[in-house]
1. Using a Förster distance of 22 angstrom, determine the FRET efficiency expected from the C-beta separation of residue 61 and residue 209, and round it to 0.05.
2. When the dipole is taken about the Cα centre of the range 54-213, and only Lys, Arg (+1) and Asp, Glu (-1) are charged at their Cβ, what size is it in debye, to the nearest 20?
3. Mean projection of the alpha-carbon convex hull of the range 96-215 over all orientations, in nm²?
4. Taking θ = phi - 60°, what integer Hz values does the Karplus form 6.51 cos²θ - 1.76 cosθ + 1.60 yield along the range 68-82, in sequence order, with x for Gly and Pro?
5. Given the pairs 55/189; 43/129; 120/184, which span a C-alpha to C-alpha distance of over 21 angstrom in this model?
6. Using each residue's phi in the range 192-209, evaluate 6.51 cos²θ - 1.76 cosθ + 1.60 at θ = phi - 60° and report the 3J(HN,Hα) Karplus result to the nearest Hz, with x for Gly and Pro.
7. If I take the Cα coordinates of the chain and project them onto the principal axes, what are the three extents in Å, biggest first?
8. How about the range 17-62: which chymotrypsin sites (Phe, Trp or Tyr not before Pro) there lie in a loop by DSSP and see at most 13 other Cβ atoms within 10 Å?
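Bear in mind that the values in this text are calculations on the coordinates, not laboratory data. Model, not experiment: these values are computed from the prediction. Methodologically, a virtual Cβ is constructed for each residue, glycine included, from the backbone with ideal geometry; neighbour enumeration extends over all protein chains shown.
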Amino acid sequence: MKDQRRAVCPVCFHHCRLDEGQYGRCRARKNINGTVVCDNYGKVTALALDPIEKKPLRHFMPGSLILSVGSYGCNLSCPFCQNHDISMGDKTVTEYREILPFTDAMNVDLKGFTEEYYRKLGGSLEAVKAFVRRAAEGCHVELTTLIVPGENDSEEEMEREAEWIASVDPEAVLHVTRFFPQYKMADRKATDVETVYRLRDVAARYLKNVYTGNC
Ligand code: SF4
């Protein structure tokens, strides 16, 4: 009986196999009677009307406002999360799979460009690359890389990242942003502004649209 009610969540690359009553890795989805349901449905942990540039989306309806609605849950475990009060608001999805056909524009965090770094954060670089390629086919996509000192701040890594993004779309927009001490990395120093600008320049060798953020 227990096995009959086991379910596999199809939403993200983790494909969690859940027993009855068990939460997925994101802590936002749960197996109830053999069906994976969204536990955070209708539970809003952030609601704000923002300038669209704040997302950041720089090349989609500039000058407009965007309603930001968030809930708890995330399928990564970044110790430097800059939104942990939202994503961990109830200790728990970043879900795109199902809603892609209804999405006009999105900003995707590309955390870095090594499998090792993604493994550390509980994710998969290849899965994110596959998602970005798919999303870019029918949606306006901008990418953000938060530069964390000592983690993903080498010129070589940024060079490989920018080269790959250009192979998907040379017009793609990349935001290179500055880390501030947060969450489980509150003891680190903020990223040097010069490092962010230097990596912006590296990315600009391959991409036309590169912006800095939080500087
Ligand atoms: S959305 Fe949550 S439950 Fe579903 S596969 Fe991803 S982490 Fe697991």
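1. Values: r = 15 Å, r/R0 = 0.70.
E(calc), rounded to 0.05, equals 0.90.
2. Working: 20 positive and 25 negative charges, 66 e Å.
With Lys and Arg at +1 and Asp and Glu at -1, about 320 debye.
3. Working: hull surface 29.4 nm².
In nm², the orientation-averaged hull projection of the range 96-215 is 7.3.
4. Ordered by residue, 3J(HN,Hα) equals 9, 10, x, 9, 6, x, 7, 9, 10, 9, 5, x, 9, 2, 8 Hz.
5. Working: 55/189 24 Å; 43/129 29 Å; 120/184 14 Å.
From 55/189; 43/129; 120/184, over 21 Å: 55/189; 43/129.
6. Taking θ as phi minus 60°, the curve returns 4, 4, 4, 5, 4, 5, 5, 5, 4, 5, 5, 5, 5, 5, 10, 10, 7, 10 Hz for the range 192-209.
7. Result for the chain: principal-axis Cα extents of 58, 37, 32 Å.
8. Values: sites: 23, 41, 60; in loops: 41, 60.
For chymotrypsin sites (Phe, Trp or Tyr not before Pro) across the range 17-62 that sit outside H, G, I, E and B with at most 13 neighbouring Cβ atoms in 10 Å, the list reads 41.
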